[in-house]
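Down below is the structure, laid out as structure tokens.
None of the figures in this text is laboratory data; all of them are computed from the coordinates on show. Remember, predicted model here, so these are calculated numbers, not experimental data. Because the Cβ atoms are built from the backbone with ideal geometry, glycine has one as well, and the counts that use them run over all protein chains shown.
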Amino acid sequence: MRTKGLWLSMDEVVEVESVTEGMPYERYRSPMFKVKRQDGSAAEVERRDILLTEEEQLIDELATILYSSKNPARHERYAAIMRQLIMQGIPYVSQLQRRKPQQEALNLYDVS
């Protein structure tokens, strides 16, 4: 498996080479991704710190549902996307916040 991904804490695009699973007794430990950085060096990155390019499409779709629907939970794709994001441990919260549209602030003045 070779694909592009975003190393979130370093804010760097990397090439993801493989996933290393832990030992059976480390069942709840996060899997590690072996990545190749742009300078040619290699590193291991935890799952919660990397976002693959195909996962960005899911987050984009979820952001569209959340920020354009009046009732996003009733959308036909909402449950499927959320299930996939949670079950695969995809770090989606910060990415959703980045995609949130800017709201105009109301300035209230006290005239008394």
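A Förster distance of 30 Å, applied to the separation of the beta-carbon atoms of T3 and L66, puts the FRET efficiency at 0.75. Given R₀ = 25 Å, FRET efficiency for E17-Q57 by Cβ-Cβ distance, to 0.05? The pair E17/Q57 has a calculated efficiency of 0.75. Counting only lysines at least 8 places from K36 when in the same chain, those with an alpha carbon closer than 25 Å to its own are K4.
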